[in-house]
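Read the structure below first, then the notes.
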Amino acid sequence: MCGIVGYTGPREAIEILLDALKRLEYRGYDSAGLAVLENDIQIAKDRGEISQLEKSVPKLRGTVGIGHTRWATCGKPSKENAHPFLDCSGNFALVHNGIIENHRELRRELEAEGHLFTSETDTEVLVHLIEKYYDGNIEKAVRESLKRVKGTYAIAVIEKGSREIIAARKENPLVVGLGVGENFVASDVTALLNYTNKVIYVMDGEYAVISPIGVRLYDSSGNVISRTPSLVTWTIEDAQRGGFEHYMLKEIFEQPASIHNSLLGTLDGIEEGELLQNVNFDSVKIIGCGSSYHAAMVGKYIIESLAHIPVTLELSSEYRYSHGTRESPLVILISQSGETADTLAAAREARKRGCRTLAITNVVGSTITREVDEVFYTKAGPEIGVAATKSYITQLIALYLVGMRIGYVQRTLSHELLRSMKDQLRIMPRQVNAVLDNKEIVEEASDLLVNARNVFFIGRNINYPTMLEGALKLKEISYIHAEGYAAGELKHGPLALLDENTPVVASCIRDHTYEKMMSNISEVAARDSPVLAIGYEGDRDLMAIVDRFIGIPKVNPLFSPVPLTVVLQLLAYYTARKRGCPIDKPRNLAKSVTVE
Amino acid sequence: MQSEEDTGLKAVILAAGEGMRLRPFTYSRPKPMLPIGNRPILEYIVDALVSNDIKDIIMVVGYKKEKIMSYFQDGARFDARISYAFQEKQIGTAHALIAAKHFLDDNFVVLAGDNLIDSRIVSDLLHNGRIPSILVTESDIPSKYGVVQLEGNKITSIVEKPEVMVGNIISTGVYLFNHEILNAIEIEMCAGALGITNAIQKMLGKQDIYAVKTDGKWIDVVYPWDIIKVNAMALSSEGQTISGVVEDNVMIKGPVVIGAGTRIRSGTYINGPVLIGEGCEIGPHVSIFPTTSIGNNVRIDPYTYVSNSVIMNNVCIGSHSHLSHTVIDEGVMIASSLSCVCGQAFAKIDDDFFKLDNIGAMIGEDTIIGSHVAIAPGTIVGAGCRISDGVRLSGNLENKCVVV
C-alpha cells in the first residue's frame, strides 16, 4: 500500500506535492519522495514520514511533478527504495502503488540488456521497461510496458521536456483532479480536496494523459474514452483534527453523528425494501479482514437472532483459496475502504461461485462497489486514524439493518418487534453518547493496563467478537500483547497464562450468559489476575467481584456491542496515550491494506 | 487562503460554561450547544460573525468540549476558520478570555457562546469602531446581568447582578477589544477579578470604555422554558421546504420545513411554523401545531398531538400522546399516551420561584416513560429517568430517578 500524487500547472509543484502527500500518509509512511521537472528531472527522497522529507528536501523549482509515500512490501523501507525512480538516461521518472509479480524475470531481462538498477523494489522494472519501449512516444511506451507486467498498479510517469503526466491503473485506486489551468492526479480524493472537488475516476485498465490544460482518457489499447467528471461532496475539513489531540479520539467522538447519518433514510427502507429487495437465499456468509471480520462475527449473532437463518463466516484471505461447497448463500463483504485487496478477491470468487453479493463499505465509488450486486454505504465519513472506530460501529449498524430486513421478510420479526428494534437503533447515538460522557472513568480504568505486557479480553455470545475487537484495538495502538477469548474457552488452555501481572478485561451484561460470565470472572480473579469488567450501569453484583468496573447503558443485549465497543476503543486510546504511543499511525500498519 | 472580503479581525467566543440553570438540558451538552430551531445557539453566533466577514474564530471550550469540537471541527463547513482554546475549570469569563490570548493580536471581538444573536449585533459593534467598547441593550430583568451606567457614550460604572435597581441597560457580553486590554485584564485577574465585568469595573477609572447601543437580536436562554420562547422566535415565518416523502392526504399549512429522509404518513396535519429534521417517521394521523421544532431521527406515532414544543434528536413518542409547551431532550422514549398538558405552574430553580402562565413539561435526555403517564404543568424531569406506566408526575425530578 502506497500513495501517489502528481501535479502539472502554473504553480511550484513541490508545495502542492508535499501537501497532497501528507493527506495520503494513511496509505503508508515509511519513506517518501518526489520528482520535479524544470530542465531536468530532479529527485528528492527520504526515509520516514512526509514531515521528514519536507525538512530534508532542497528547494526544487519546477511546475510539473510527481510524489509518493511508501509502505514497504518489496524491498525494505530505505531512502534507496523510496520512489520516484528514474530510468538509466534520467528522461523518465515514475511512482507506483501496487505489486509487480513478475518483477524478477523482467529485472533479469532488463539487466541482461544493460539497464542499471538502483533499488531492491519491484517498481523499478517499470521505468526501465518504459525506457526500453520508448521510441519518441511516451504513451505507446507506457502501454507496451504495462502489457509486460503481471500484478497490480496505479502509476504516474513524467518525461523530460514534456508537461504531461501519464497515469494508469490496474486494481489500485487512481483519481484525476481537474483544476483551472492546472490538473492533478492522486491515489485518493482526500489528497486533492484542497485544490478541487471535480474529479475523474480512472478505471481498471485505463490510462490518462494529464496536461495543465486538459485530461485525455484511454483504454489499454489506446482508444479514447469520454467520462463526465464527478463532484466530491465532502470537503477537506471532514478530514482535519479540529481541536482533538488525535484523529482517533476525534473519530471516536464522531460516532453518534456517524450512526445517525448511517440511519438517515435507511430505517424507512426496511419495510419498503430498498435494501435487499428480494430475499431469495436461505443462508448468509459474511467475509472481511481485521476489524471488518469482527464486525462480521457480530453480524452472525445479529442475523441468526433476528432472521433465524444460518450464517457462516470467512476471512477474506482464506475464503478466496477455499473449496466451493454446494451452498448458495448471500455473501456479505465488509471493507471500510472498498479497496482491501483480499476482500476484493473474495468478492470475485463469490461471484464466480454464483452467489449473490452485498458489499458494506464506507467509500462511494470504491472498487468493491463495482464487483458486487448490491452496496450498503456506511456514512461514517473519512476515517484517518489507522485504528478503525467509526467505520466499525457503522458496519455494525449496517448489519443490524440487514438482519432486520431479512427477519422482516422471513416473518421472524413481527411489525411490532421490528418497530421496537428500530427504536433501539434510533436511540443508539444516545447510548454511545452516554459512554463518551463517562470517558474519565475509562481513562482512569486504563491504569490497570498501562504497565501490562499481556492482557486478555473475555466475553460470551454476541460480545465474544466484541472482545476480540477490543483486543485488536489495544494491540494495534498501544503495542501491548492482547488476546480475545470466548470466556468458555479459558479453561481449555489460556487460564494457564494468568497471574497477578496479567489483567483481564471482561464484558458481562445481563443476558442469558450472565451467570456463566460471573463464574468465569471469579475463576480469573482466583488466579489473582486484576479484572476490569464492563457491565450494565449500577450492576452491584458484578462490581463486588472485580477490581475496576465501567458501566454502559442498559440496552437490549442484542445491541450491547455498540456501546461496549466504544468503551473498548476509549480504553485502548487512553492506554496508548499514557504509554506515549503514536496513536494515529502505529508502526508497521497502514489504513487500508491493498496488498494481499 | 484568506478571501478578499475578509476583515482580518478575529473573534473569541466564550463557550466553556455549563449553564446550570438550564439543567437537565445541559446534562451532557454545554449550553452553547442547546438546539434552537434544530441548530445549536453557537451556530447562530458563528453565522453572525461570518456574515460580517469575521472568519477567524477562536472558541474557548471547557465543559463537554468534545460536543463543540466534533460539531464545528475546523469551521470550513461554516465558511470560517475555527481554533480552540481550553479552559479546564470554569472560574470566570476573564480567565476564559486569557486562555485564548496567544491566538490574538491587535483588535478582536469577544462574545458569549450562549446568547442567540443576529448579524446586526456584530455590525453595530463594528460600525461604532471605538475601542474598547461594550455592546449594551435594555433588559426586563437587569438583576441577572452586568448593569451599566452611562455618561454620553462612555461607561461610568458596571455592576454585576445588582441587588438594588440601578438601571435597565445591561452589558450583552459582546465586546470590541484591543490587545492592550488583555494586559489590563490580566493584572485585574491577579487581583482576583475573574469575570470580564469585574475587570472592566476596576479599569474604569484608568481608561475610557465606550457603550454601543443596539436594536439587534440578542436573546439569552436562562431557564428551561425559555427554550420554547426562543425557538418560536427563531423559526422562519415564511416559505415551505419539503424534502423526504409526504404521503397522500397530509395537510401542510404555513411555513414548514421537512428534512431529507423523513416520511410523513397519511392523515397527518402540520400547521407551521414547524421544523422537522431528517430521517423522521411521523404519523399516520399526527397533528403538529405552531411553533414546533422536531429534530432528526424522531418517531411520532398515530393520534399524537404536538403544539408549541421542542422535540430534539432520536426521540420516540408513542401513540395517543398530548404534548403542549413541552421540551423533550434527545433519546427520550415514550411508550404511549403521555399527557403533557400546558397550564399555570410554579417552578423552582436554585432558590428562585417562578410563576409561569403557559408551560408543559421539561423532560431530560434518555428518559424512558411508560404508557399513560401524566405530567403536570411546570414539571422538570431529569436526564436518564425511568417512569413506570400510569404514574402522575409533578415538581422537579433529579437525574436518573426511577418512579414506579
| task | Identify the residue in the range B:361-375 that is outside any strand (DSSP E or B) and touching a residue at least 40 places away in the same chain (Cβ under 8 Å) and, among all such residues, is farthest from A:Arg426 (Cα to Cα). | result | B:Ser371
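I'm trying to understand the selection: among the residues of the range B:266-282, which are in a strand (DSSP E or B) and within 23 Å of the chain's Cα centre (by Cα)?
B:Val274, B:Leu275, B:Ile276, listed by residue number.
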| message | Which count do you get for residues in the range B:36-71 that are in contact with a strand residue (DSSP E or B) (Cβ under 9 Å, 6 or more places away or on another chain), assigned to a loop (DSSP other than H, G, I, E, B) and within 11 Å of chain A (Cβ to nearest Cβ)? | response | 0
| query | Within the set of pairs 6 or more residues apart or between chains, which connect a residue that is at positive phi inside the range B:171-184 to a residue that is surrounded by 17 or more Cβ atoms within 10 Å (Cβ to Cβ) with Cβ atoms less than 8 Å apart? | reply | B:Gly173/B:Leu14; B:Gly173/B:Thr93; B:Gly173/B:Val110; B:Gly173/B:Leu111; B:Gly173/B:Ala112; B:Gly173/B:Asn115; B:Gly173/B:Gly146; B:Gly173/B:Ile196
| task | Give the residues of the range B:260-285 that are farther than 19 Å from B:His320 by Cα and either touching a helix residue (DSSP H, G or I) at 6+ places or on another chain (Cβ under 8 Å) or among the acidic types (Asp, Glu) (or both), sorted by residue number. | result | B:Pro273, B:Glu278, B:Gly279
| Matching residues in the range B:340-360 - criterion: being assigned to a loop (DSSP other than H, G, I, E, B) and farther than 17 Å from B:Ile288 by Cβ | B:Asp350, B:Asp351
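Just checking, how many residues over the range A:426-442 are out of contact with any strand residue (DSSP E or B) (no Cβ under 7 Å at 6 or more places or on another chain) and at the interface with chain B (Cβ under 9 Å from one of its Cβ atoms)? Don't jump to the end; show me each part of the working.
Start the filter on the range A:426-442 by keeping residues that are out of contact with any strand residue (DSSP E or B) (no Cβ under 7 Å at 6 or more places or on another chain), which leaves A:428-434, A:436-440.
Still in the list and also at the interface with chain B (Cβ under 9 Å from one of its Cβ atoms): A:428-431, A:433-434, A:436-437, A:439.
Residues in the range A:426-442 being out of contact with any strand residue (DSSP E or B) (no Cβ under 7 Å at 6 or more places or on another chain) and at the interface with chain B (Cβ under 9 Å from one of its Cβ atoms): 9 in total.
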| message | Among the residues of the range B:23-35, are any within 13 Å of chain A (Cβ to nearest Cβ), modelled with pLDDT of 95 or more and under 25 Å from A:Ser258 (Cα atoms)? | response | yes
| request: Hey, can you tell me all the residues within the range A:292-301 that are surrounded by 24 or more Cβ atoms within 10 Å (Cβ to Cβ) and more than 23 Å from the chain's Cα centre (by Cα)? | output: none
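Tell me which residues, restricted to the range A:339-357, are over 13 Å from the mean Cα position of the chain (by Cα) and within 22 Å of A:Cys2 (Cβ to Cβ).
Quick first cut of the range A:339-357, residues over 13 Å from the mean Cα position of the chain (by Cα) only: A:345-357.
Once the filter is applied, which keeps residues that are over 13 Å from the mean Cα position of the chain (by Cα) and within 22 Å of A:Cys2 (Cβ to Cβ), the range A:339-357 yields only A:Ala345.
Restricting to the range A:439-481, count the residues that are in a loop (DSSP other than H, G, I, E, B) and either crowded, with 21+ Cβ neighbours inside 10 Å or without any contact (Cβ under 8 Å) to a residue 60 or more places away in the chain (or both). Before the answer, list the steps.
Going residue by residue through the range A:439-481, those that are in a loop (DSSP other than H, G, I, E, B) are A:446, A:451-453, A:460-462, A:479-480.
Restricting the remaining residues to those that are either crowded, with 21+ Cβ neighbours inside 10 Å or without any contact (Cβ under 8 Å) to a residue 60 or more places away in the chain (or both) gives A:446, A:451-453, A:460-462, A:480.
Residues that pass the stated criteria total 8.
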| task | Please report, ordered by residue number, the helices (runs of 4 or more DSSP H) entirely within the range B:80-197 with at least 2 residues that are of a type outside the set (A, V, I, L, M), away from chain A (no Cβ under 14 Å) and within 30 Å of B:Asn38 (Cβ to Cβ). | result | B:119-128
| field | Residues that are among the polar types (S, T, N, Q) and either farther than 9 Å from A:Ile368 by Cα or surrounded by fewer than 19 Cβ atoms within 10 Å (Cβ to Cβ) (or both), drawn from the range A:314-336 | value | A:Ser316, A:Ser317, A:Ser322, A:Thr325, A:Ser328, A:Gln336
| What tally of residues in the range B:383-404 results from selecting those that are within 14 Å of chain A (Cβ to nearest Cβ) and surrounded by fewer than 20 Cβ atoms within 10 Å (Cβ to Cβ)? | 5
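When you check A:Gly273 against the structure, is it within 12 Å of another protein chain (Cβ to nearest Cβ), at pLDDT below 95 and surrounded by fewer than 24 Cβ atoms within 10 Å (Cβ to Cβ), yes or no?
Working: within 12 Å of another protein chain (Cβ to nearest Cβ): no; at pLDDT below 95: yes; surrounded by fewer than 24 Cβ atoms within 10 Å (Cβ to Cβ): yes.
The answer is no for A:Gly273.
Checking the condition within 14 Å of chain B (Cβ to nearest Cβ), in contact (Cβ under 8 Å) with a residue 24 or more places away in the chain and among the hydrophobic types (A, V, I, L, M, F, W, C), which residue from A:Leu306, A:Leu315, A:Leu264, A:Leu231 passes?
Details: A:Leu306 fails: within 14 Å of chain B (Cβ to nearest Cβ); A:Leu315 fails: within 14 Å of chain B (Cβ to nearest Cβ); A:Leu231 fails: within 14 Å of chain B (Cβ to nearest Cβ).
When all the criteria are applied, what remains is A:Leu264.
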| said: Would you confirm whether or not the range B:89-98 contains a residue that is without any contact (Cβ under 8 Å) to a residue 24 or more places away in the chain, surrounded by 20 or more Cβ atoms within 10 Å (Cβ to Cβ) and either in contact with a Ser or Thr (Cβ under 9 Å, 6 or more places away or on another chain) or within 21 Å of B:Leu204 (Cβ to Cβ) (or both)? | reply: no
| out of contact with any helix residue (DSSP H, G or I) (no Cβ under 8 Å at 6 or more places or on another chain) and in a strand (DSSP E or B), is that true of B:Val230? | no
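I'd like the full set of residues that are in contact (Cβ under 8 Å) with a residue 60 or more places away in the chain and more than 14 Å from every other protein chain (Cβ to nearest Cβ), limited to the range B:244-287. I'd like the intermediate steps shown before the answer.
The initial filter retains those residues of the range B:244-287 that are in contact (Cβ under 8 Å) with a residue 60 or more places away in the chain, namely B:275, B:277.
Selection gives B:Leu275 alone.
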| request: Can you give me the number of residues within the range B:288-325 that are within 18 Å of B:Arg39 (Cα to Cα) and within 14 Å of chain A (Cβ to nearest Cβ)? | output: 10
| field | Qualifying position, being buried (at least 22 other Cβ atoms within 10 Å of the Cβ) and not aromatic (Phe, Trp, Tyr), among A:Val180, A:Val175, A:Val209, A:Val224 | value | A:Val175
| Mind checking whether some residue in the range A:236-253 is small (Gly, Ala, Ser), more than 9 Å from chain B (Cβ to nearest Cβ), crowded, with 24+ Cβ neighbours inside 10 Å and within 22 Å of the chain's Cα centre (by Cα)? | no
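Per-residue answers, yes or no, for (1) within 22 Å of A:Pro465 (Cα to Cα); (2) within 14 Å of chain B (Cβ to nearest Cβ):
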site	(1), (2)
A:Ala345	no, no
A:Arg353	no, no
A:Thr361	yes, no
A:Val372	no, no
A:Ser391	yes, no
A:Ile397	yes, yes
A:His415	no, yes
A:Ser420	no, yes
A:Gln424	yes, yes
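Pull up the range B:323-339, narrow it to residues that are farther than 17 Å from B:Arg299 by Cβ and part of a strand (DSSP E or B), then point me to the one that is nearest to the chain's Cα centre (by Cα). Steps first, please.
The first filter runs over the range B:323-339 and keeps only residues farther than 17 Å from B:Arg299 by Cβ, leaving B:324-325, B:327, B:339.
Okay, now just the ones that are also part of a strand (DSSP E or B), so B:324, B:327, B:339.
Working: B:Ser324: 20, B:Val327: 13, B:Ser339: 26 Å.
Ranking the qualifying residues of the range B:323-339, first place goes to B:Val327.
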| field | One residue from A:Ile99, A:Ile155 being closer than 17 Å to A:Glu206 by Cα and aliphatic (A, V, I, L, M) | value | A:Ile155
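The values are calculated or read from the model by the stated rules, or taken from the named source; none is laboratory data. Owing to the predicted nature of the structure, the values given are computational and were not obtained by experimental measurement. Every residue, glycine as well, gets a Cβ built from its backbone with ideal geometry; the counts of neighbours run over all protein chains shown.
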